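The values are calculated or read from the model by the stated rules, or taken from the named source; none is laboratory data. Owing to the predicted nature of the structure, the values given are computational and were not obtained by experimental measurement. Positions of Cβ are backbone-derived with ideal geometry, glycine not excepted, and every protein chain shown enters the neighbour counts.
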């Protein structure tokens, strides 16, 4: 996870001074970081990198003030899949809770979905694109191997923002959300877009009924904004990884040809042969056991940090992987079904997009209201998992 305590170019003169306004007396550790640099014309490549529009106030809290989502047009039902592999709507829905999923077509891109989701978050928050300081794109399936955040920044017109990608599979959005809060608290950023977007359909073996039934494509976004410390919307969090479980959920890069040495003298071939990523390989039983054991523990740790218990939670919002996992975690935490947010049946497992996609639907439908407390958790490949207790609005 990347964090920042204020990034300042060596060529930039900076001034650090205490903010003395009495309105900030409750938090004497907050400081203003003011930077100035020569402007560059908009059409010059990299011109936005030298501008700072406002001083940075360090030590702030963060709140979620906007959300958005986008899904592909093409819907694939369980009945559609039954024409490809030996399965049925009943077989899939009973074991997973999934009935439909959305899949990218040749006319769509993951970056396009990410941009539409981000637009929705900006509109809800009533924040302009040039007010964004940072875009965190949480994805394991970018359109470009080098990352997709830059394309989203360009297409949104966020000329004053910088961007990077977070690759943490189905835990990606939780990692991005926590990272955004640290940039606000330690780096003085004010407006950060966190986007979860994945297109796992690109790496699905559509002849494997154990995996092709699970995954769909989507994007979801939230706008995280600086606020007074006593209004902080991130109440507690907990994150973990265990590389020993990596083998249970992978999509590894492999040479296009199995032979990797010379046939004559066993010397390594050069240049290296081009590689492709394999289809998703998953040990479903092990991933299930891991999730139902580790996710409740992580949420309990986050609740403890927040000084809360399960009874204080308005909503439980988990990564949408499998209905049995969601039910098992809710039971362990003693959270009733009416407080569980799930749209798994309509979209399947959309990886890093699943939490913000479900959140956006819940907010726009009026279920989640300003002030509601949400326990949320992501988990998946890596193995990685984490949770956060957040207050909406």
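Computed quantities for the displayed model
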item: Qualifying strands (runs of 3 or more DSSP E) (wholly inside region 53-99; at least 1 residues being buried (at least 20 other Cβ atoms within 10 Å of the Cβ) and at pLDDT 95 or above); result: 61-70
item: Breaking point among (1) in contact (Cβ under 8 Å) with a residue 40 or more places away in the chain; (2) assigned to a loop (DSSP other than H, G, I, E, B); (3) farther than 25 Å from residue 296 by Cα, for residue 211; result: (3)
item: Sole exception among (1) part of a helix (DSSP H, G or I); (2) over 30 Å from residue 294 (Cβ atoms); (3) touching a strand residue (DSSP E or B) at 6+ places or on another chain (Cβ under 8 Å) for residue 154, by number; result: (3)
item: Any hit, region 149-169, residues being closer than 14 Å to residue 224 by Cα and crowded, with 24+ Cβ neighbours inside 10 Å; result: no
item: Test: residue in region 171-189 that is closer than 24 Å to residue 348 by Cβ, part of a strand (DSSP E or B) and not assigned by TED's automatic domain parsing to the domain that holds residue 379; result: no
